[in-house]
Amino acid sequence: MRVQDIVAKAVAEQITWLDAERILGYSARHVRRLRHRCTVDGVDGLRDRRAGRAMPGRIKPDTVREIQHLRQSKYFDFNIQHFHEKLVEEHKMKVGYTFVKNLLQATGMAEKAKARGKHRRKRERRPMVGMMLHTDGSTHAWLGHEMGERDLVALLDDADGRVLWGEFVEEEDTRSCLRGIESVIRTRGLFSELYTDKGSHFVYTPKAGQTERGHTQIERVLKGLRIRLIVADSPQARGRMERHWKTDQGRLPQELRVAGITTWEAANRYLEEVFWPDFNQKFTVEPASSGSGFVPLVGIDVSRACALEHEVTVAPDNCVRWHNAYWQVPPHPSRPSFAKCKAVLVEYLDGRRDIEYGPHTIARFDKDGEPIEERGAVRRRATPSASLA
């Protein structure tokens, strides 16, 4: 209406065409174009000719209906970004993320995100992979509430966010965390730092806000491998890991449901073969430096380094009792009897057990508790050499 009024006044010579250019903010060429349209077609010639015309890139109504149907029937519990990825990758739809988000929010199929909270300063990532790893567990109904909740334990690199290991366990504990550490060391090498929360399997916390070092098996293992343990004082300090779990909880249960997985064994296979590779491809970032902080293994028995140790006393009958089980120490060439000696019961993560006295392994048992005959064995080195210090 403003354009029509100004052009009409210029045609009636109430104002000059130069004044019309200044008022409308148009170029002289466009004002001449409007003058010609008004002369030929009248006032209707001044209307925007795009009005009522379908845009060439407009999404077809059939595609919109298909998106809504997929959202309601198959992907009803996916977040918007995850749903958009499935539309593009699985259903080959050429639709933008913003269009999908606006469509779902306008039709009530997705809620708008809550306002952001207090601004916090982000901690810079380590420049190279292998310098710092995060580990944590997340309790969630990953296979649906009918299967109950389980813990998903994972280790990821701070430099690029890559998940190096992760699996479902009944409960996050010392053994599950050590399995992850052992797996990373075997596949990648030794790393420099491990960032964790204040879980009791990481550090001893006699009082709230107070920690005492040197009491846990994981601390002993990391000290032997010369890996620094960093303990966060709050969940906010470990925001990178918390955001990782938010992404997992918004994607993994839905993918497990769509894939028809109903057992934890199959879920762990899906993690290793499908989910983690796809996750790393989508969410890893380029580290600041192209080098690597992982150190190759040289002369280290990783199984022994990551094993649990318990101080025990050998009974007069040369038996060791541990958790209502008896372990018979056979005759050994180093001494006639080990009665009343302080020994170490070593529990490997695969279920094997050794009894060590000084540098000697005086008894070995397989995962079923059957003795393994290996007389005069000397304990293999379980810590890094001095060259790795």
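Restricting to the range 204-238, what's the tally of residues that are assigned to a loop (DSSP other than H, G, I, E, B) and either touching a Phe, Trp or Tyr at 6+ places or on another chain (Cβ under 6 Å) or modelled with pLDDT of 90 or more (or both)?
At the first step, the residues of the range 204-238 found to be assigned to a loop (DSSP other than H, G, I, E, B) are 208-209, 213-216, 226-227, 232-234.
Next cut, either touching a Phe, Trp or Tyr at 6+ places or on another chain (Cβ under 6 Å) or modelled with pLDDT of 90 or more (or both) only: 215-216, 226-227.
Selection size over the range 204-238: 4.
Right, Arg257: closer than 23 Å to Phe191 by Cβ and basic (Lys, Arg) or not?
Criteria not met by Arg257.
Mind listing whichever residues of the range 332-351 are touching a residue at least 24 places away in the same chain (Cβ under 8 Å) and either under 30 Å from Ile181 (Cβ atoms) or out of contact with any strand residue (DSSP E or B) (no Cβ under 7 Å at 6 or more places or on another chain) (or both)?
Of the residues in the range 332-351, the ones touching a residue at least 24 places away in the same chain (Cβ under 8 Å) are 332-334, 338-350.
The answer is Pro333, Ala339, Lys342, Ala343, Val344, Leu345, Val346, Glu347, Tyr348, Leu349, Asp350.
Which one of Ile185, Ile261 is within 30 Å of Lys74 (Cα to Cα) and within 21 Å of the chain's Cα centre (by Cα)?
Among Ile185, Ile261, only Ile261 is within 30 Å of Lys74 (Cα to Cα) and within 21 Å of the chain's Cα centre (by Cα).
Test of understanding: among Thr211, Thr196, Thr187, which residue is of a type in the set (S, T, N, Q), more than 23 Å from Arg240 (Cα to Cα) and out of contact with any Gly (no Cβ under 8 Å at 6 or more places or on another chain)?
Result: Thr187 is the single residue among Thr211, Thr196, Thr187 that is of a type in the set (S, T, N, Q), more than 23 Å from Arg240 (Cα to Cα) and out of contact with any Gly (no Cβ under 8 Å at 6 or more places or on another chain).
Name the residues in the range 259-277 that are surrounded by 13 or more Cβ atoms within 10 Å (Cβ to Cβ) and either assigned to a loop (DSSP other than H, G, I, E, B) or modelled with pLDDT under 95 (or both), would you?
Within the range 259-277, Ala259, Ile261, Thr262 meet the criteria.
The values are calculated or read from the model by the stated rules, or taken from the named source; none is laboratory data. In this text, all values refer to a predicted model and were calculated from it rather than measured experimentally. All Cβ positions, glycine included, derive from the backbone under ideal geometry; neighbour counts span all protein chains shown.
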